[in-house]
Amino acid sequence: MKGRSPKTFAMLLLASALAITAGCGSSGEKTASEKPADAGDTTTPITLTFFGADASPNWNNMKDAVGQEITKATGVTIEAEFDVNNGGEQKIPLMAASGDYPDIIYPKGNLSKLVDAGAMLDLTDLIEEHAPNLKKIYGDQMNRLKYSNEDQAIYTIPTNVGVDNVVFDATGGFEIQQKVLKELGYPEVKTLEDYENVLRAYYEKHPTIDGQPTIPLTLNADDWKIMITVTNPAFQATGAPDDGEYYIDPETYEAKLHYKRPEEKEYFRWLNKMYNEGLLDKDTFVQKDDQYKSKIASGRVLGLIDQEWNYGEAENALKSAGKDDSTYAHFSVSLNKDIVDHTFQPTGFDGYGIGITTSAKDPVRIIKFMDWLASDEGQVLRNWGVENQHYKVENGKRIVPEDVQDRKINDNSAFTKESGIGMYGIFSARYGDGVKDSTDNYYTTNFPEQIQAGYTAAEKETLKAYGITTWKDFFPSEKDLKLKDWGAAYNMPVPSDTEYNVTFQKTQDIIRKRIPEAILAKPDQFDKLYDGLLAELDKAGAVEMEKQYTVWIKDRVSLWTGKDVK
């Protein structure tokens, strides 16, 4: 990457909105107005090729209701490829090496590889000249879309989270089946010990479910998903926010691999205990993603430590099979009662999204397409569906009919594939939950009343028993947590042509090998193996890598806050 300083290159000023910011206001509602929707200069049919680094299991080649309406309004058909299991980690480097790109791409954490390869168009002028809706949505945050201090191009528009988003519910954490909680009288679940005791008590009473062995706890360690269910929960349960593989000191901004925190060693010691006592699935580190989901769909897995997006297909299968009581409640669980869960710590305006590549033959047509999707008409279609088919308007308010709501709850996968609702958020900017349009209706269907209406009967029973209205009520509020000056560190790209990436990959290989070994070891071998892991990381260059990452974090803080960070 010629002419760019590694120090400043890594500063990603992409925009997305985690709406748990102080600026959201106490009501969590904002109103945004738009100019009339405009599909662009033409609706002449055009097919755009697309690659997405996230899976989209219900994608139906735009044959769904929403997709057909999008094509009717814009003339655009999307020929899409989605990465099933690798987050683009393998596919995107191959693209960069070959120079063969789709028209549009959602690279997730791999943007720097494409920028280094010269694959991405600068969207700055395209947005200025052809995208009034995009400009309105991003507003005074447009500068955060810029790639870095030295390279102020806009290569992607953030789409992973809606702008001004308010998080109304928890969809991750430590999960327990509704039937388990009910039978045990809805016990308190706040610590790892509480969580363990609940799983053990039910397991001892029910060693089999539907003729198959009961599994108290299983995790998904298939490829990169080991981070989601095995390693990330270590910082969640020990009071640190999500900054990917790092812990960032909030006072000094010093970065280190989060595994080096002593309290995290105790979290992994707990997993070691669970395994040795037969409470953690013996196949955790050898099963594949589909096997993990299959076990959940059977209804015999009592507990998970995961995110809904990772196991939602399996939970939807439970609902469709009439096993509502085998779905999962979400708890905030910590190593001890003195630790404050930072799951909802606000990060401010920070994210990743979709861009146009140099292979695109008609960038103007594409940006106009994205701009139409960002219009009020486009956003309501993407979020609510087709009027009088998926929602109706009564007394000026958008309402989801009961039969549609029932399908969303009990037949979600089929409904999503048929309707297309929620599948097109990735393709353009959008407002987040809690934001209202010019008609005083929410842009999304994720607002408190609708979320509560969307719970299954078993979920509602559990929530009522605990005296709460949503799963988020189990977690510390974002209002009590300080805004992170550096945003979300996992969104910050680093140069793809430096030694940093080589060292980082070495540390990842070590972690993904040694953490399972420590968990599966005999208890008296755990300390030796875990301490060996830390020593091996440093020997592989972790200390220098952490110093470099600290420089990038401090640069980002300086740029975003104006602080003089040394």
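Among (1) surrounded by fewer than 24 Cβ atoms within 10 Å (Cβ to Cβ); (2) not in a helix (DSSP H, G or I); (3) not assigned by TED's automatic domain parsing to the domain that holds ASP325, which single condition is GLY185 missing?
(3)
Report every pair of residues separated by at least 6 positions or lying on different chains whose Cβ atoms are under 7 Å apart, first residue within the range 308-325 and not assigned by TED's automatic domain parsing to the domain that holds LYS408, second part of a loop (DSSP other than H, G, I, E, B) and at pLDDT 95 or above.
GLU308/THR171; ASN310/ASN220; GLU315/THR327; LEU318/GLY299; LEU318/THR327; LYS319/THR327; LYS323/GLY299
Search the range 493-505 for residues being within 14 Å of GLU546 (Cα to Cα) and not hydroxyl-bearing (Ser, Thr, Tyr), and hand back the single one that is modelled with the lowest pLDDT.
Per the stated criteria, the residue is VAL494.
Scanning for something out of contact with any strand residue (DSSP E or B) (no Cβ under 9 Å at 6 or more places or on another chain) and over 22 Å from THR159 (Cβ atoms), does the range 326-338 turn up at least one residue?
yes
Matching residues to (1) under 24 Å from THR445 (Cα atoms); (2) at pLDDT 95 or above; (3) surrounded by 16 or more Cβ atoms within 10 Å (Cβ to Cβ):
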position: GLY25; (1), (2), (3): yes, no, no
position: GLU34; (1), (2), (3): yes, no, yes
position: THR43; (1), (2), (3): no, no, no
position: ILE46; (1), (2), (3): no, yes, yes
position: ASN58; (1), (2), (3): yes, no, yes
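Residue-by-condition table, conditions (1) part of a loop (DSSP other than H, G, I, E, B); (2) touching a Cys at 6+ places or on another chain (Cβ under 8 Å); (3) over 24 Å from ILE366 (Cα atoms):
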{"position": "VAL393", "(1), (2), (3)": "no, no, yes"}
{"position": "VAL404", "(1), (2), (3)": "no, no, yes"}
{"position": "ARG407", "(1), (2), (3)": "no, no, yes"}
{"position": "PHE415", "(1), (2), (3)": "no, no, yes"}
{"position": "MET423", "(1), (2), (3)": "yes, no, no"}
{"position": "ALA429", "(1), (2), (3)": "yes, no, no"}
{"position": "ASP433", "(1), (2), (3)": "yes, no, yes"}
{"position": "ASP440", "(1), (2), (3)": "yes, no, yes"}
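Within the bounds of the range 364-383, is there any residue that is without any contact (Cβ under 8 Å) to a residue 60 or more places away in the chain and surrounded by 18 or more Cβ atoms within 10 Å (Cβ to Cβ)?
no
When residues of the range 46-92 are filtered for being farther than 20 Å from THR416 by Cα, in contact with a Phe, Trp or Tyr (Cβ under 9 Å, 6 or more places away or on another chain) and among the hydroxyl-bearing types (Ser, Thr, Tyr), how many remain?
Number satisfying all stated conditions: 2.
What single numbered condition from (1) under 19 Å from MET227 (Cβ atoms); (2) within 24 Å of the chain's Cα centre (by Cα); (3) part of a helix (DSSP H, G or I) fails to hold for TRP552?
Unmet condition: (1).
Among the listed residues ASP169, ASP103, ASP151, ASP125, which satisfies the condition of being acidic (Asp, Glu), in contact with a strand residue (DSSP E or B) (Cβ under 7 Å, 6 or more places away or on another chain) and at negative phi?
ASP103
One line per residue, one yes/no per condition, for (1) surrounded by fewer than 16 Cβ atoms within 10 Å (Cβ to Cβ); (2) basic (Lys, Arg); (3) in contact with a Leu (Cβ under 6 Å, 6 or more places away or on another chain):
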| position | (1), (2), (3) |
| --- | --- |
| GLN141 | no, no, no |
| ARG144 | no, yes, yes |
| SER148 | no, no, no |
| ILE157 | no, no, no |
| GLY173 | no, no, no |
| LEU199 | no, no, yes |
| ILE215 | no, no, no |
| ILE228 | no, no, no |
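Given (1) in the same structural domain as TYR328 (by TED's automatic domain parsing); (2) surrounded by 21 or more Cβ atoms within 10 Å (Cβ to Cβ), where does LYS460 come up short, assuming only one miss?
(2)
Would you please list the contacts, defined by Cβ atoms under 8 Å and residues six or more apart or on different chains, that run from a residue in the range 542-561 that is in contact (Cβ under 8 Å) with a residue 60 or more places away in the chain and within 17 Å of SER148 (Cβ to Cβ) to a residue that is of a type in the set (S, T, N, Q) and in a helix (DSSP H, G or I)?
Taking only residues 6 or more apart or on different chains, the pairs are ASP555/THR8.
The values are calculated or read from the model by the stated rules, or taken from the named source; none is laboratory data. If you're wondering where the values come from, they're calculated on a predicted model, not measured in any experiment. We place every Cβ from the backbone using ideal geometry, glycine too, and count neighbours over all the protein chains shown.
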